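In what follows, a structure is listed as structure tokens, so that the remarks can point back to it.
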Amino acid sequence: MFEYKEASFYTSYFKNHPDFELVEEFKELEDQEEKNNYVGSVEVLGTIHPLLLRVEIPKSFPHQKLTFRTTSISGYPHLIHQSPSIDPNVDKGDWFCLNTPFAETAEGQLEQEISRLKEWIKHQLRKDLPAHITDSNVISALRFANAYDWENLDEMNEFSSKADLTFIGDFYSDPDNFEKATGHFHCIKTKDHRYYALKDKSFTNYELPYIIVDEFPKSIENLSDFVALRNQYEWDDSTCKHLLPSLNVQEWSISEYFNIIDKKYSEEEALLTIKKIKDELSKEDSYLPGRLIPSNITNNSVQSESHPIKVFPSSKTLIIEKLNELEKKVINNHGYNVKSGFYDTFSKIDDMDEEERMIYDSEVDYWCEIGQFLLNFFVLGVRNEKEILWIMLGTNTRSGKYEETKFNLEIANYSIKRLISYELWRRSVPQKISNEMFFGRGAFSKNFIEKKIAIVGLGAIGSILAESLARSGIYSLGIWDSDIVEPGNICRSIYDARDMGESKVQALAQKIRAINPICEANKIVSHGYWYEHSAITVNYVRGSFYNEVNYNNQEEAIDQIKNYDLIIDCTGSNEMLHFLSYAIPDAKIISLCITNHSNELVCITSRDGNPFELRKTYLSRIEQDTKNFYLEGSGCYSPTFLATYSDISSLVNLAVRNINQNMKEGELLHSTIWSHNTHGIIADKLETYKLDGYDIRMTISSETIYDGEEMNDVSDGKIGYILGSYSKDGLLIMVTHIIDAFNAEAKLTDAFRTSKGIIDYIGDYVYSGLEHDSYTDESLNLIANKAADKSINTCNPMLVVRNLDRTMAYYLYINNRLVPFRKEY
């Protein structure tokens, strides 16, 4: 068993604590209510107001929490004063609401409790406030403005599942978002009556009414009574109905009630009786038989004798309206049966058809089981300087208290009620989840989040990319795709069966908004729309970027996309990337494409040069298995290739991770080819070099560098050859291979064939001279001769030299000399 502490331990603890002075030693009291508690009193030292505490510590502490009470101060937030029926010790002081986390020992728990008490004192006691706050307006203002974020220090910034109302996003406090004083919050309502309020109504399922006022409730009592609030703010009936739509919150109301009487009136008798009642009501002082039902009587079946009761003007109007309705009914039916009101419904049940009977039964069941306890909530907002402070209030259909008069008028019986009170429950302080908190520590860097990003192509790569960006805090996206979701898309993208037949653009836009509800809807620009050509022909148009580009509208297409900070092409289309690369040469572009079997993800970025030229060259370096690119026996392109969702998503998210890491520094990542083998993931990153004195760049992958550095030495100094490609404008040289001299011709032939002529010889790999980063005259002459040889497909060959430490230096033969490349970072 756990060994609990004796009273003497707590006496000693507080006696020796520097922040307290022991006033009364701890002991167990004889009072039955306080059995199993040790009670003592201490004074807190160094506080703004003298603070004497009664400390109630259970014998089973720390498994049960202690209570600090005080009569030294009152009226402060989180200092709880309850009625004697709820708190039998309330006469001994109000208790501090500290919500202290659990510690495993009595000593540790005392430290936690005292730490929270100090936090309370630090946040609540102020020189400008008295020890006892009695002004109800000050109390209300403090309770509205006070936040709970200091209480759970060990849980700060975590989301509470206990909050009744949670605002998601920063819209809730800005008065500019609430042009009208009344309205609704778009909410996701849970089964346990919790509400998540969003600015965008997409995917919400409930409208929670709110009202904004310009002053605090006059008292806490007002805040607990809807009628008091209605009277203070002078709300009319429509406003009351807006806040509590399923409740009757009018000041005066009338309804029929029925005694079990069996009396029939002819038309003449009924009209004479109605006239007699109206004549009485026409008098200045009118009296009708009836009985008063006190407001504290909830059982309306309590019987009392009828006697003449004076009818007030407000009641006269209501009764006359009912009598006019009754008069029309009598004339139409040529008579009236008093009991018909009570028995009519039941007499008609047998005449109902099946559908009417089901509706009736459901309404009766609803009222019996739910209706009389139906919960109603609304949110009260108070403008406070430049923000709005909110509190959620609730009630149910059984919370109203009425003054009621029942008039027994022979031909009809009417009950007139005057609403005098409607109890409200104050719910927990609304939880506010800011944009930053919503994504928390899972958000991308600020430099990345603030970018406007265009995603072109929403297949496997594009949809996974969009989801990853949305979940990481990026909310300004433009998305393009001309396709609809087909069954074959489901297995390798984020779409599901509910999206089949929908355009990829519209389906993905919906998913992004559901993932990222704090973003404004117009931040997700979903290009494309359905166009109905005829009754049987409906197409999705303008969803593609490149497919809509033609000779006449290229400028329009460029204007559509050029203002994005980053364009990510996920189409794998050569035409698309070619257009982007040359039409918008200054744009920041990333191309993502995956190879068959998802063995490699090729990520090319404009940081290293023209994206089209780079992808064409480095993708051609990869020998792909193409035999299943086409449907067997047809030559038609297959809609899918061999790759699993897990392979694609893992590689795409690896790329996204690296994009974000580089964006922290405000730069695009260098082009990288990710691949996997039995040893794990390999990142083959391109390194970029610039030619001294020229606007010419060279790229080479890290794996190619490793190949060159690890090649064996040879006796004649000619280690091997450089393979690669030149861009069409000659300003970019892309090195794809460094091969050794042994069997070089066969290797070159294979690379040339595999790449369909893109990869060819572009230079030699030799030893350097005696100094670091130097070359011999023999190497210079070798390259000069090759530059002059018209049978070799380059007039500007490269020379790569190996230094004594096995590092490499790069040169280009241009204008009859070798010019060095310098690495760019």
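The values are calculated or read from the model by the stated rules, or taken from the named source; none is laboratory data. Model, not experiment: these values are computed from the prediction. Note that we place each Cβ from the backbone using ideal geometry, even for glycine, and neighbour counts take in every protein chain shown.
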**Request:** Would you please list the contacts, defined by Cβ atoms under 6 Å and residues six or more apart or on different chains, that run from a residue in the range 558-579 that is on the phi < 0 side of the Ramachandran plot to a residue that is in a helix (DSSP H, G or I) and small (Gly, Ala, Ser)?
**Result:** ILE558/ALA583; CYS570/GLY462
**Message:** Any residue at all in the range 647-658 that's of a type in the set (Lys, Arg) and touching a residue at least 24 places away in the same chain (Cβ under 8 Å)?
**Reply:** no
**Request:** Identify the residue in the range 781-796 that is without any contact (Cβ under 8 Å) to a residue 60 or more places away in the chain and of a type outside the set (A, V, I, L, M, F, W, C) and, among all such residues, is surrounded by the most Cβ atoms within 10 Å (Cβ to Cβ).
**Result:** LYS786
**Message:** So, in the range 478-498, how many residues would count as being hydrophobic (A, V, I, L, M, F, W, C), touching a residue at least 12 places away in the same chain (Cβ under 8 Å) and part of a helix (DSSP H, G or I)?
**Reply:** 1
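Conditions (1) under 27 Å from VAL138 (Cα atoms); (2) among the small types (Gly, Ala, Ser); (3) over 42 Å from the mean Cα position of the chain (by Cα); (4) modelled with pLDDT of 90 or more, marked per residue:
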| position | (1), (2), (3), (4) |
| --- | --- |
| LYS5 | no, no, yes, yes |
| SER8 | no, yes, yes, yes |
| PHE14 | no, no, yes, yes |
| GLU30 | no, no, yes, no |
| GLU33 | no, no, yes, no |
| SER41 | no, yes, yes, yes |
| VAL55 | no, no, yes, yes |
| ILE73 | yes, no, no, yes |
| SER83 | yes, yes, no, no |
**Request:** Given the conditions (1) assigned to a helix (DSSP H, G or I); (2) at pLDDT 85 or above; (3) over 24 Å from ARG657 (Cβ atoms), report the number of the one that LEU508 does not fulfil.
**Result:** (3)
**Prompt:** Restricting to the range 1-27, what's the tally of residues that are farther than 28 Å from ILE48 by Cβ and touching a strand residue (DSSP E or B) at 6+ places or on another chain (Cβ under 6 Å)?
**Reply:** 1
**Item:** Residue ID - farthest from ASP586 (Cα to Cα), chosen from residues in the range 647-675 that are part of a strand (DSSP E or B) and β-branched (Val, Ile, Thr)
**Value:** ILE673
**Complete:** Considering the range 451-475, residues that are in a loop (DSSP other than H, G, I, E, B) and touching a residue at least 60 places away in the same chain (Cβ under 8 Å), and then whichever is surrounded by the most Cβ atoms within 10 Å (Cβ to Cβ), we arrive at LEU458
**Message:** Quick test for you: out of LYS275, LYS241, LYS283, pick the one residue that is within 19 Å of TYR402 (Cβ to Cβ) and either of a type in the set (Val, Ile, Thr) or without any contact (Cβ under 8 Å) to a residue 24 or more places away in the chain (or both).
**Reply:** LYS241
**Request:** Any residue in the range 164-189 that's within 12 Å of VAL379 (Cβ to Cβ) and without any contact (Cβ under 8 Å) to a residue 40 or more places away in the chain: show its pairings with residues that are among the hydrophobic types (A, V, I, L, M, F, W, C) and in a strand (DSSP E or B) at Cβ separation under 8 Å, as long as the two are six or more apart or on different chains.
**Result:** HIS184/LEU208; CYS187/ALA197; CYS187/LEU198; CYS187/LEU208
**Tally of residues being in a loop (DSSP other than H, G, I, E, B), over 21 Å from LYS162 (Cα atoms) and among the hydroxyl-bearing types (Ser, Thr, Tyr) across the range 379-438** = 2
**Request:** Go through the residues of the range 13-35 one by one and say whether even a single one is in contact (Cβ under 8 Å) with a residue 12 or more places away in the chain, assigned to a helix (DSSP H, G or I), touching an Asp or Glu at 6+ places or on another chain (Cβ under 9 Å) and acidic (Asp, Glu).
**Result:** yes
**Request:** Please indicate, with yes or no, whether at least one residue in the range 26-35 is touching a helix residue (DSSP H, G or I) at 6+ places or on another chain (Cβ under 9 Å), under 21 Å from ILE133 (Cβ atoms) and not small (Gly, Ala, Ser).
**Result:** no
**Asked** Restricting attention to the range 240-259, which residues are touching a helix residue (DSSP H, G or I) at 6+ places or on another chain (Cβ under 9 Å) and farther than 28 Å from VAL311 by Cα?
**Response** LEU243, LEU244, SER246
**Prompt:** So which of ILE762, ILE733, ILE681, ILE719 is part of a strand (DSSP E or B), on the phi < 0 side of the Ramachandran plot, at pLDDT below 95 and touching a Ser or Thr at 6+ places or on another chain (Cβ under 8 Å)?
**Reply:** ILE681
**Prompt:** Looking at the range 94-103, is at least one residue part of a helix (DSSP H, G or I), under 18 Å from PHE20 (Cβ atoms) and aromatic (Phe, Trp, Tyr)?
**Reply:** no
**Asked** Can you tell which of LEU117, LEU53 is in the same structural domain as PHE26 (by TED's automatic domain parsing), under 27 Å from LEU29 (Cβ atoms), assigned to a strand (DSSP E or B) and among the hydrophobic types (A, V, I, L, M, F, W, C)?
**Response** LEU53
**Message:** Need the failing condition index for THR807 against (1) surrounded by fewer than 15 Cβ atoms within 10 Å (Cβ to Cβ); (2) under 23 Å from LYS690 (Cβ atoms); (3) in contact with a strand residue (DSSP E or B) (Cβ under 8 Å, 6 or more places away or on another chain); (4) modelled with pLDDT under 95, just the number.
**Reply:** (3)
**Request:** Report, by residue number, each residue of the range 556-588 that is in contact with a Ser or Thr (Cβ under 7 Å, 6 or more places away or on another chain) and buried (at least 23 other Cβ atoms within 10 Å of the Cβ).
**Result:** ASP569, LEU577
**Request:** Would you mind finding the one in GLU207, GLU234 that is at positive phi and either modelled with pLDDT of 90 or more or not assigned by TED's automatic domain parsing to the domain that holds ILE416 (or both)?
**Result:** GLU234
**Request:** Determine whether the range 357-377 contains at least one residue that is surrounded by fewer than 12 Cβ atoms within 10 Å (Cβ to Cβ), at pLDDT 65 or above, assigned by TED's automatic domain parsing to the domain that holds TYR233 and not aliphatic (A, V, I, L, M).
**Result:** no
**Asked** So ASN99 clears everything in (1) at pLDDT below 90; (2) surrounded by 17 or more Cβ atoms within 10 Å (Cβ to Cβ); (3) touching a Lys or Arg at 6+ places or on another chain (Cβ under 8 Å); (4) not aliphatic (A, V, I, L, M) except one condition, right? Which one?
**Response** (2)
**Message:** Tell me whether the range 603-623 contains one or more residues that are touching a helix residue (DSSP H, G or I) at 6+ places or on another chain (Cβ under 8 Å), over 27 Å from SER463 (Cβ atoms), in the same structural domain as ILE474 (by TED's automatic domain parsing) and modelled with pLDDT under 85.
**Reply:** yes
